[in-house]
Amino acid sequence: SKRIKTLSICRPIVYGNTAKPFDPEHRPPNAPSEHTHTWTVFVRGPYGEDVSYFIKKVVFKLHDTYNNSTRSIESPPFEVTETGWGEFEIGIKIFFVNEANEKNVSLYHHLRLHPYGLPLNAVPTEEQKNVESIQFDEVVFNEPTEQLFHIMTQK
Ligand code: SLL
């Protein structure tokens with residue numbers, strides 16, 4: 001469809017991960033013995049809003065040590081929960097709805113399992129072992145299609 005030359009449309013998103021160490025008494029039954037944490041990587045609206053009216057799919061590329069390391073999530077919530085032992089770079093590829101007629105966007109997120117930003121040698125409290133590492137970002141549609149403009153302005 002036609003593009004609107006004089007317009008840009010922005011939408012805020014957040015992406016990142018949460019993680020926490022296993023409670024030693026309640027290890028997930030299927031977790032290999034070397035795994036230590038449960039984590040979730042996600043793309044979502046800053047206040048948990050549904051973003052599926054403009055995002056149709058998110059592909060998360062995990063470390064090759066994972067089975068099926070490319071995880072394609074085609075409906076919200078756009079997230080993957082796993083267990084593991086190590087931190088690594090996660091590739092996040094965001095695909096927009098067809099009406100947008102836009103290329104996908106590639107982001108990277110460093111999966112964090114361990115508390116960070118504490119003084120060196122500080123022993124983390126139980127609370128501080130629940131890790132969150134989250135980036136705010138903004139999706140910008142320059143010269144959006146008329147179809148996308150209608151979708152975006154109905155929200
Ligand atoms: C390292 N940067 O080399 C890290 C790699 C790999 C993480 C971390 C378990 C995968 C699985 C897992 O946590 N891999 O067992 O499926 O030190």
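Okay, here's what the table says:
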quantity: Qualifying residue in the range 6-13 (condition: in contact with a Lys or Arg (Cβ under 8 Å, 6 or more places away or on another chain), of a type in the set (A, V, I, L, M, F, W, C) and either at pLDDT 95 or above or surrounded by 12 or more Cβ atoms within 10 Å (Cβ to Cβ) (or both)); calculated: yes
quantity: Count of residues meeting criterion [within 16 Å of the ligand (Cβ to nearest atom) and of a type in the set (K, R)] in the range 41-51; calculated: 0
quantity: Hits in the range 80-101 - residues which are more than 16 Å from the ligand (Cβ to nearest atom) and within 12 Å of L62 (Cα to Cα); calculated: I92, K93
quantity: Leading residue by the ranking (farthest from the ligand (Cβ to nearest atom)) among those in the range 52-79 that are among the aromatic types (F, W, Y) and assigned to a loop (DSSP other than H, G, I, E, B); calculated: Y53
quantity: Qualifying residue in the range 22-34 (condition: within 13 Å of the ligand (Cβ to nearest atom) and closer than 30 Å to F149 by Cα); calculated: no
quantity: Pair list, Cβ under 7 Å, 6 or more apart: the range 62-79 residue exposed (fewer than 13 other Cβ atoms within 10 Å of the Cβ), other residue small (G, A, S); calculated: S75/S52
quantity: Every residue from the range 31-51 that is in contact (Cβ under 8 Å) with a residue 60 or more places away in the chain and either aromatic (F, W, Y) or part of a loop (DSSP other than H, G, I, E, B) (or both); calculated: T36, W39, P46
quantity: Selection status of G91, at positive phi and not acidic (D, E); calculated: no
quantity: Some residue of the range 101-112 being closer than 23 Å to Q147 by Cα and among the hydroxyl-bearing types (S, T, Y); calculated: no
quantity: Filter result for the condition that a residue is farther than 29 Å from P32 by Cα and either surrounded by fewer than 18 Cβ atoms within 10 Å (Cβ to Cβ) or out of contact with any helix residue (DSSP H, G or I) (no Cβ under 9 Å at 6 or more places or on another chain) (or both), over V51, V59; calculated: V51
quantity: Every residue from the range 1-50 that is hydroxyl-bearing (S, T, Y) and under 30 Å from N101 (Cβ atoms); calculated: S1, T6, S8, Y15, Y47
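Table: residues versus (1) without any contact (Cβ under 8 Å) to a residue 40 or more places away in the chain; (2) closer than 16 Å to V51 by Cβ; (3) surrounded by 13 or more Cβ atoms within 10 Å (Cβ to Cβ).
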residue: P115; (1), (2), (3): yes, no, yes
residue: E126; (1), (2), (3): yes, no, no
residue: K129; (1), (2), (3): no, no, yes
residue: F149; (1), (2), (3): no, no, yes
residue: M152; (1), (2), (3): no, yes, yes
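The values are calculated or read from the model by the stated rules, or taken from the named source; none is laboratory data. Please read all numbers here as calculations on a predicted model, not as lab measurements. Backbone-built Cβ (ideal geometry, glycine too); neighbour counts: all protein chains shown.
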